[in-house]
Amino acid sequence: MESGVNTVYRMSEAGHCPRVLAARRLGYEEPPRSQEIENLLDDCLWHEERVVMRLRSEGWDITDRQREVSLSTPLLQLVGHIDGIASREDGRFLLEIKALGRFTFNSYIKGGILAFLDYAAQVTCYQKAIQLPILMAVKNRDTAVIKRDIMTSPPLSFERIVDSLNIAEQSVRNGSLPEWKCDERARERCPMSYLCGPGKAEVKELALPDLIEAARLWREGKELEREAEEKLGKARDAFLARAREEPSFTVEGLAVQYYGVRQRSYIDEVALRSLVPEETIKQAMRPGKPWDDLRVRERKQE
Ligand code: SF4
């Protein structure tokens, strides 16, 4: 590597595993994207345009589409292209658009952007470059519902993202791959999982009648939950649009009351740990109630 020239990393890969980032730069083989994934990416561009049209029809002024932004750190340069800047009378926002399939959209509804650490890292970098609050517009590709969220601060610590990129970059400069561990889910999605050797032993497929029935009930429940979320989301959007102008009204026996924009405060654990000695944190820790940690998920979601 030429001294004094910082390697360029894309902001969209800022949340990727440092082992994958280093491997790409060291020329490890990466399987080509399937046609299905290419088609999905194409579709995302189409959805992005539709989201912009919807926001414009609601009075947002959308400018700076695909504007290039960059940030420099002592070791590297980060470059990205923002989806745009959205403005209306109450301010200007960094616009970030995502179009998700219904399963991932539901994960977004439940966990917010922190359920997608790569998106969270990407938008944190954009925010650091643009220094505006963020308007997330996340579209359910199957239903066309758009969830809008305003974030006044970035979802992750930019310094932590840079730490992780530095691990990749330092390893590249040493010509080796960094040690890294990920969970099973990340491993399943990893395009270069072969870098970490064989995965866990195959899990057993059970064909017991009570479990087959439980699987049917689980899927049925999930479908009902999805329908319910979709219907409640549509109703909420309609109520909210009216309630912003008329804060209190009744309709069909429902009482709708708008209390204005609220914001919850929370303790940022990462920031806290950087300010307070680990020992003090341990003293304030209390064991919670034990619970059975059971996770159920579709093995192929997208
Ligand atoms: S399997 Fe996990 S740790 Fe290994 S390269 Fe992929 S994401 Fe990184």
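The values are calculated or read from the model by the stated rules, or taken from the named source; none is laboratory data. None of these values were measured; they are calculated from a predicted model. Reconstructed Cβ throughout: ideal geometry from the backbone, glycine too, with neighbour counts over all protein chains shown.
Would you call Ile146 of a type in the set (A, V, I, L, M, F, W, C), touching a helix residue (DSSP H, G or I) at 6+ places or on another chain (Cβ under 7 Å) and more than 16 Å from the ligand (Cβ to nearest atom)? Outline the logic, then answer.
Working: of a type in the set (A, V, I, L, M, F, W, C): yes; touching a helix residue (DSSP H, G or I) at 6+ places or on another chain (Cβ under 7 Å): yes; more than 16 Å from the ligand (Cβ to nearest atom): yes.
Yes; evaluated as a whole, the condition is true for this residue.
Kindly provide the set of residues from region 186-221 that are part of a helix (DSSP H, G or I), in contact (Cβ under 8 Å) with a residue 12 or more places away in the chain and either farther than 19 Å from Glu30 by Cβ or of a type in the set (A, V, I, L, M) (or both), ordered by number. Scanning region 186-221 gives Ala186, Leu195, Trp218.
Every listed requirement among (1) part of a helix (DSSP H, G or I); (2) over 19 Å from Tyr126 (Cα atoms); (3) away from the ligand (no atom under 16 Å from the Cβ) is met by Ala22 save one, (3). Of all residues in region 164-185 being in a loop (DSSP other than H, G, I, E, B) and charged (D, E, K, R), which is farthest from Arg297 (Cα to Cα)? Only one residue fits best here, namely Glu179. In this structure, is Thr280 outside any loop (DSSP other than H, G, I, E, B) and loosely packed, with under 10 Cβ neighbours inside 10 Å? So Thr280 fails the test.
Determine whether Met11 is surrounded by 12 or more Cβ atoms within 10 Å (Cβ to Cβ) and more than 16 Å from the ligand (Cβ to nearest atom). Against the criterion (surrounded by 12 or more Cβ atoms within 10 Å (Cβ to Cβ) and more than 16 Å from the ligand (Cβ to nearest atom)), Met11 qualifies. The set of residues in region 18-48 being at pLDDT 85 or above, surrounded by 12 or more Cβ atoms within 10 Å (Cβ to Cβ) and over 21 Å from Tyr194 (Cα atoms) consists of Asp43, Cys44, His47, Glu48.
Quick one: how many residues across region 87-102 are surrounded by fewer than 16 Cβ atoms within 10 Å (Cβ to Cβ) and either on the phi > 0 side of the Ramachandran plot or in contact (Cβ under 8 Å) with a residue 60 or more places away in the chain (or both)?
Here is the first cut: in region 87-102, the ones surrounded by fewer than 16 Cβ atoms within 10 Å (Cβ to Cβ) are 88-91, 101.
Next, only the ones that are either on the phi > 0 side of the Ramachandran plot or in contact (Cβ under 8 Å) with a residue 60 or more places away in the chain (or both) stay: 91, 101.
Of the residues in region 87-102, 2 are surrounded by fewer than 16 Cβ atoms within 10 Å (Cβ to Cβ) and either on the phi > 0 side of the Ramachandran plot or in contact (Cβ under 8 Å) with a residue 60 or more places away in the chain (or both).
For first residues located in region 16-31 and on the phi > 0 side of the Ramachandran plot, partners that are more than 9 Å from the ligand (Cβ to nearest atom) and not acidic (Asp, Glu) and lie 6+ apart or on another chain with Cβ distances below 6 Å do not occur. Any residue that is more than 28 Å from Asp183 (Cα to Cα) and modelled with pLDDT under 95 - is there at least one of those in region 113-122? Taking every residue of region 113-122 in turn, none turns out to be more than 28 Å from Asp183 (Cα to Cα) and modelled with pLDDT under 95.
Glu229 satisfies every condition listed in (1) without any contact (Cβ under 8 Å) to a residue 12 or more places away in the chain; (2) not in a loop (DSSP other than H, G, I, E, B) except (1). Residues in region 182-230 that are more than 25 Å from Ala115 (Cα to Cα), of a type in the set (D, E, K, R) and at pLDDT below 90: Glu202, Lys204, Glu205. Against the numbered list (1) assigned to a loop (DSSP other than H, G, I, E, B); (2) of a type in the set (A, V, I, L, M); (3) more than 30 Å from Ile37 (Cα to Cα), Val296 comes up short only at (3).
Do we have Pro154 as of a type outside the set (Lys, Arg), away from the ligand (no atom under 16 Å from the Cβ) and assigned to a loop (DSSP other than H, G, I, E, B) here? Write out each step before concluding.
Working: of a type outside the set (Lys, Arg): yes; away from the ligand (no atom under 16 Å from the Cβ): yes; assigned to a loop (DSSP other than H, G, I, E, B): yes.
The answer is yes for Pro154.
Taking region 164-210 as the range and being surrounded by fewer than 11 Cβ atoms within 10 Å (Cβ to Cβ), under 15 Å from Val20 (Cα atoms) and within 16 Å of the ligand (Cβ to nearest atom) as the test, the residues that pass are Glu179, Lys181, Asp183, Gly197.
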